[in-house]
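Working notes for the structure below.
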């Protein structure tokens, strides 16, 4: 199932319309967003979906030219493990 993209949100729903994955990154200042929430349903755990969400969000953030912060604990840990993604 492909991700669906909205302003400041990337998500995935199952065939019944249930939300099964999501990341949000709202503005916290004029040109800065904060990755503040990552969710992956138990049915997708262990498949790398959360990391894919973070990568997709970073892609959108970079494309828009925004600065980024992360208060979501998963996103913080992912970024620490992948410092090259911040550069």
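The values are calculated or read from the model by the stated rules, or taken from the named source; none is laboratory data. It should be emphasised that the depicted structure is a prediction, and the values quoted were computed from it without experimental measurement. Heads up, the Cβs are rebuilt from the backbone with ideal geometry, glycines too, and the neighbour counts pull from every protein chain shown.
Output the residues belonging to segment 1-29 that are assigned to a loop (DSSP other than H, G, I, E, B) and surrounded by 12 or more Cβ atoms within 10 Å (Cβ to Cβ). Of everything in segment 1-29, those that are assigned to a loop (DSSP other than H, G, I, E, B) and surrounded by 12 or more Cβ atoms within 10 Å (Cβ to Cβ) turn out to be 3, 8, 14, 25, 26. Taking the criterion of being within 14 Å of residue 39 (Cα to Cα) and in contact (Cβ under 8 Å) with a residue 24 or more places away in the chain, the residues of segment 71-87 that qualify are 71, 72, 74, 75, 78. Being buried (at least 18 other Cβ atoms within 10 Å of the Cβ), in contact with a strand residue (DSSP E or B) (Cβ under 8 Å, 6 or more places away or on another chain) and under 17 Å from residue 26 (Cβ atoms), is that true of even one residue in segment 41-52? Within segment 41-52 (the criterion being buried (at least 18 other Cβ atoms within 10 Å of the Cβ), in contact with a strand residue (DSSP E or B) (Cβ under 8 Å, 6 or more places away or on another chain) and under 17 Å from residue 26 (Cβ atoms)), the answer is no, since none of the residues qualifies.
Which residues, counting only those in segment 30-87, are under 11 Å from the mean Cα position of the chain (by Cα), outside any helix (DSSP H, G or I) and either at pLDDT below 95 or closer than 18 Å to residue 13 by Cα (or both)? Hits for segment 30-87 are 37, 38, 39, 40.
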